[in-house]
Amino acid sequence: MESQQLNIVFLPYPTPGHMIPMIDTARLFAKHGANVTIITTHANVSSFQKAIDSDFSAGHSIKTQLIQFPSAQVGLPDGVENIKDGTSLEMLGKITRGIWMLQDQIEILFQDLEPDCIVTDMMYPWTVQCAAKLGIPRLHFYSSSYFSNCACHFIRKCKPHEGLVSDTNKFTIPGLPHSIQMTTLQLPDWMRNKSFATGYFEEMFESEERSYGTICNSFHELESDYEKLCKTIMGIKCWSIGPVSAWANKDDDEKKANRGHMEINNIGNEQEWLNWLNSKPNDSVLYVSFGSLTRLPHLHLVEIAHGLENSGHNFIWVVRKKDRDEGGNGFLQEFEKRMKESDKGYIIWNWAPQLLILDHPATGGIVTHCGWNSILESLNAGLPMIAWPVFAEQFYNEKLVTEILKIGVPVGVKENKLWASFGEEAIVRSEEIVKAVEILMGSGQDSKEMRMRAKMLGDAAKRTIEEGGHSYNNLIQLIDELKSLKKSKALAVKED
Ligand code: UDP
């Protein structure tokens with residue numbers, strides 16, 4: 001008799017903001033009885049193999065399947081296989097080309113592994129055809145907010161920004177239950193200027209419509225209006241199963257292992273930041289992070305440093321190592337020294353154990369670039385935010401956080417720009433930073449209310465992944481539906 005166990009293949013896109021939540025999702029499927037295979041490359045697997053090994057030892061049926069990244073063919077050094085390793089536009093182009101070239105190897109694996117279903121990142125639109133050829137469902141993995149998906153959908157369809165006199169004129173996003181305004185300058189470049197990327201993104205959104213459905217790392221209590229809009233007007237079959245990071249990583253060791261930071265930071269450093277946080281009063285520290293990709297030029301770093309220092313509040317700031325090398329004549333090292341002396345600030349170089357910091361009682365707020373995972377993770381910890389979007393869909397997320405959920409203050413960024421194309425001009429001045437920090441970390445009514453709403457959403461985030469919660473039920477329902485599909489397929493084959 002054929003096994004009733006679901007055989008599911010996951011294909012993550014190699015950038016932390018997409019890969020981390022997909023690995024967490026794959027682990028959740030395995031924890032709920034599926035046989036899971038994750039396809040990835042050698043350099044990428046090192047950041048999460050530990051978590052997979054530990055799940056496997058706990059009796060879950062989960063493994064990784066490695067493919068060879070074509071480093072030499074695209075002219076990249078060995079080990080550079082992730083978007084986060086791209087330090088320039090040229091390098092990003094090469095990494096993207098390398099990922100593109102994996103298609104043949106992946107298609108062969110899809111055939112060999114004989115999955116009942118594939119769950120592939122939104123960045124792989126071509127996998128819809130693979131699934132069709134194999135006669136199996138493809139689930140589109142969308143790693144950002146429902147709100148961003150809806151906003152992008154209606155702007156693409158109705159083009160409210162076209163015909164405006166200036167890039168800085170405001171337009172209202174059509175089709176949404178809230179009245180939200182933004183400017184053309186805040187849209188991603190592929191929407192403002194037609195290019196190769198425009199075709200690629202259009203294909204990506206169409207592939208969602210042609211997929212069996214979409215897995216969304218969000219939860220009903222957070223964005224029910226937009227979950228509904230996605231299902232009804234946009235006609236997408238969606239399952240909200242988030243926040244997957246809180247669900248899949250319930251203890252500290254898992255939180256660390258899942259993010260590969262043990263390889264990057266040494267244990268000594270880890271003890272130091274923890275001791276520093278332990279010495280601070282509850283809710284007094286602002287965590288400042290721009291995610292896994294953004295690299296800021298020297299002048300931006302200077303404004304941030306002055307803004308944080310002048311605000312007078314405690315902070316932990318994550319600075320990418322490559323930022324440090326860029327012509328600052330030791331400015332940041334001096335700053336770090338000064339902050340150590342005053343005991344006001346702590347710099348973490350390169351990669352922070354973000355979940356652990358956010359969950360620490362001393363942490364009282366976050367400055368975020370509005371990457372969806374960071375928003376969910378801080379929300380899960382009940383923290384209010386300063387919204388500092390940089391590129392991609394982060395400007396939509398800013399609107400969700402500041403105007404709809406009302407759990408954050410905008411720092412006032414005017415232009416959506418890929419970090420690799422930043423000029424030396426500063427986009428946000430230190431005075432603006434001070435203003436936002438004072439509102440968020442101060443004791444005013446606005447801060448209290450934002451903090452209270454964030455806390456309530458954090459509680460909802462915890463409940464939704466427990467047995468009987470919305471996200472929990474959605475995952476179980478999706479697994480059951482895939483099992484029924486498998487069964488009917490097997491029956492149809494028998495009857496033939
Ligand atoms: N992250 C981390 N340490 C860092 C920077 C990022 O653990 O120093 C993790 C963070 O917790 C999140 C992911 O990397 O899970 C970043 O995803 P997000 O969507 O926030 O932003 P992106 O990096 O895609 O811009």
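Remarks
- Whichever aspartates and glutamates have a C-alpha closer than 12 Å to that of Lys280, once near sequence neighbours (fewer than 8 apart) are set aside: Asp343
- Proximal charge balance of Leu457 [Cβ under 14 Å; K/R count +1, D/E count -1]: +1
- Difference of contour (0.36 nm per residue) and Cα-Cα distance, Lys321 to Glu272: 15.8 nm
- Potential extension, Arg338-Asn169 segment - 0.36 nm per residue separation minus Cα distance: 56.6 nm
- Karplus-derived 3J(HN,Hα) values for region 404-412, using 6.51 cos²θ - 1.76 cosθ + 1.60 with θ = phi - 60°, are 9, 7, 6, 10, x, 10, x, 8, x Hz; glycine and proline are entered as x.
- Long-range amide H partners of Ser47 with built H, under 5 Å: none
- Residues of region 109-142 falling in the label zone of Leu418, defined by backbone nitrogen less than 17 Å from a point 7 Å along Cα to beta-carbon, are 123-124.
- When the alpha carbon gyration tensor of the chain is reduced to an equivalent ellipsoid, the three semi-axes, largest first, read 36, 25, 24 Å.
- Long-range amide H partners of Ile347 with built H, under 5 Å: Trp317
- Percent of alpha-carbon pairs separated by more than 16 Å within region 150-252: 65
- Cα→Cβ-extended label distance, 7 Å offset, between Glu114 and Asn310, nm: 6.7
- For region 127-170 versus region 190-239, the gap between their alpha-carbon centres in whole angstrom: 5
- Amide H to amide H distances under 5 Å link Cys238 with Thr214, where only residues 5 or more positions off or on other chains count and H is placed in the peptide plane.
- Maximal additional length on extending the Ser57-Glu107 stretch stands at 15.1 nm, based on 0.36 nm per residue less the C-alpha distance.
- Region 364-397-region 55-79 distance, computed between alpha-carbon centres (Å): 29
- Extent along principal axes [Cα atoms of region 266-461; Å; largest to smallest]: 45, 38, 29
- Distance violations [Cα-Cα > 32 Å] among Lys157/Lys435; Lys321/Lys462; Lys340/Lys462; Lys50/Lys483; Lys237/Lys414; Lys170/Lys231: Lys157/Lys435; Lys321/Lys462; Lys340/Lys462; Lys237/Lys414
- Per residue, the chain exposes 41 Å² of accessible surface when a 1.4 Å probe is rolled over the protein heavy atoms with every protein chain present.
- Calculated mean residue ellipticity, 222 nm, the chain: -14500 deg cm²/dmol, from DSSP H runs (n ≥ 4) at -39500 (n - 2.57) each, averaged per residue and rounded to 500.
- Over 25 Å [Cα-Cα, region 370-496], rounded percent: 45
- 18 Å Cα-Cα reach of Lys494 towards aspartates and glutamates, excluding residues that sit fewer than 8 places from it in its own chain: Glu2, Glu114, Asp116
- Couplings for region 386-399, taken from phi via the Karplus curve 6.51 cos²θ - 1.76 cosθ + 1.60 with θ = phi - 60°, read 9, 8, 10, x, 10, 8, 6, 8, 5, 6, 5, 4, 4, 5 Hz in order; Gly and Pro are left as x.
- Label separation (Gln73 vs Lys494): 4.3 nm, computed from points 7 Å beyond Cα along the C-beta direction.
- Of all beta bridges that DSSP places with both ends in the chain, some 5 percent have antiparallel geometry.
- Accessible-area composition of the chain, carbon plus sulfur, in percent [1.4 Å probe]: 52
The values are calculated or read from the model by the stated rules, or taken from the named source; none is laboratory data. On a predicted model such as this, the values are computed, not experimentally measured, just so you know. Heads up, the Cβs are rebuilt from the backbone with ideal geometry, glycines too, and the neighbour counts pull from every protein chain shown. Calculation scope for accessible area: heavy atoms of the full protein, side chains included, ligands and nucleic acids excluded. Shrake-Rupley method; radii C 1.70, N 1.55, O 1.52, S 1.80 Å.
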